[in-house]
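The values are calculated or read from the model by the stated rules, or taken from the named source; none is laboratory data. Only a predicted model underlies this, so the values are computations on that prediction, with no experimental measurement involved. Glycine also receives a Cβ, built like all others from the backbone with ideal geometry; neighbour counts cover every protein chain displayed. Side chains are part of the model used for accessible areas, which takes the heavy atoms of the whole protein and leaves out ligands, DNA and RNA. Shrake-Rupley method; radii C 1.70, N 1.55, O 1.52, S 1.80 Å.
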Amino acid sequence: MEYQIAADSLKDRVILVTGAGEGIGRQAAISYAAHGATVILLGRTVAKLEAVYDEIEALGYAQPAIIPLDLQGATKQNYDDMAETIEGQFGRLDGVLHNAGLLGVMSPFDQLGEDTFDDVMQVNVKAQFLMTQSLMPLVKKAEDGRIVFTSSTVGHQGRAFWGAYSISKFATEGMMQILADEMSNTNVRVNAINPGATRTAMRAKAYPAEDSSELKTPADIMPLYLYLMGPESKDVNGQCIDAQPKRKPGAA
């Protein structure tokens with residue numbers, strides 16, 4: 001599908017991107033900035049966030065902000081403090097892209113460790129639940145609020161060996177649908193993206209023998225990320241949209 005996005009569609013919007021240090025999060029932050037947004041870069045590795053910050057500044061876009069936070073250990077208080085800081089510094093929050101995620105370990109179900117399960121659910125589900133709760137009052141104040149979650153093909157159809165990751169993405173889609181239904185009569189639109197097979201470090205970990213040169217890059221799938229964050233998607237709510245056409249069976 002061709003998504004029509006105006007060059008300045010995100011002008012004056014403030015958008016938080018989690019997992020902004022690399023991969024899809026990095027590209028989304030740059031693309032949002034290129035379309036006029038002020039982006040808040042959230043991630044656990046300061047050096048990576050600083051590199052994205054410098055890149056956005058060098059391109060002449062609006063000055064971004066950095067929030068170093070490890071979702072593994074963050075608490076409800078951390079998210080409440082973050083919301084207060086964002087409101088104090090920017091006075092608003094128009095959009096949130098929940099992009100950060102943890103793959104965990106690919107293993108048979110009966111060999112999946114409890115620690116691995118807990119880690120994946122903490123980052124991919126609980127952290128997003130708590131963060132969204134803290135940020136909702138701000139997003140609700142926006143004229144055209146957006147919350148975008150990240151799902152996966154294995155969040156629609158369970159697949160052998162994908163264990164905790166697949167379970168976490170089923171949970172993510174459920175969380176998105178619940179929130180979208182609750183927000184249906186407001187100015188906030190809540191959706192999810194399935195990026196599909198994309199050239200990222202997480203994909204390489206899941207498919208180490210794959211030829212990554214045949215995969216779409218994060219930049220290739222940005223039209224959907226821009227569309228769901230901007231005014232053009234005002235009538236789209238509660239949807240999980242695939243960023244790429246369906247691939248042959250076995251692709252994630």
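Table for the structure above
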quantity: Solvent exposure, largest accessible area first (probe 1.4 Å, DNA, RNA and ligands not counted), of I178, I67, I193; calculated: I178, I67, I193
quantity: For I193, residues with placed amide H under 5 Å, excluding near neighbours; calculated: F149, T150, S151, I241
quantity: By accessible area with a 1.4 Å probe, ligands and nucleic acids excluded, highest first: order of V96, V105, V125; calculated: V105, V125, V96
quantity: For region 14-242, alpha-carbon Rg and Dmax in angstrom; calculated: 16.7, 51
quantity: Restricting region 97-161 to chymotrypsin sites (Phe, Trp or Tyr not before Pro) in coil, as DSSP defines it, with at most 16 other Cβ within 10 Å; calculated: F161
quantity: Volume of the Cα convex hull of region 161-252, divided per residue and given in Å³; calculated: 106 Å³
quantity: Tail beyond 22 Å, pair distance distribution of region 97-204 (Cα, percent); calculated: 33 percent
quantity: Low-density loop cleavage sites - GluC sites (Glu not before Pro) in region 116-188, where at most 14 other Cβ are within 10 Å (DSSP); calculated: E143
quantity: Protein accessible area in the chain, 1.4 Å probe - carbon and sulfur %; calculated: 50 percent
quantity: Anchor K216: lysines whose Cα lies under 30 Å away (excluding residues fewer than 8 positions away in-chain); calculated: K11, K48, K126, K169, K205, K234, K246, K248
quantity: Region 14-242 - accessible surface per residue (Å², probe 1.4 Å); calculated: 43 Å²
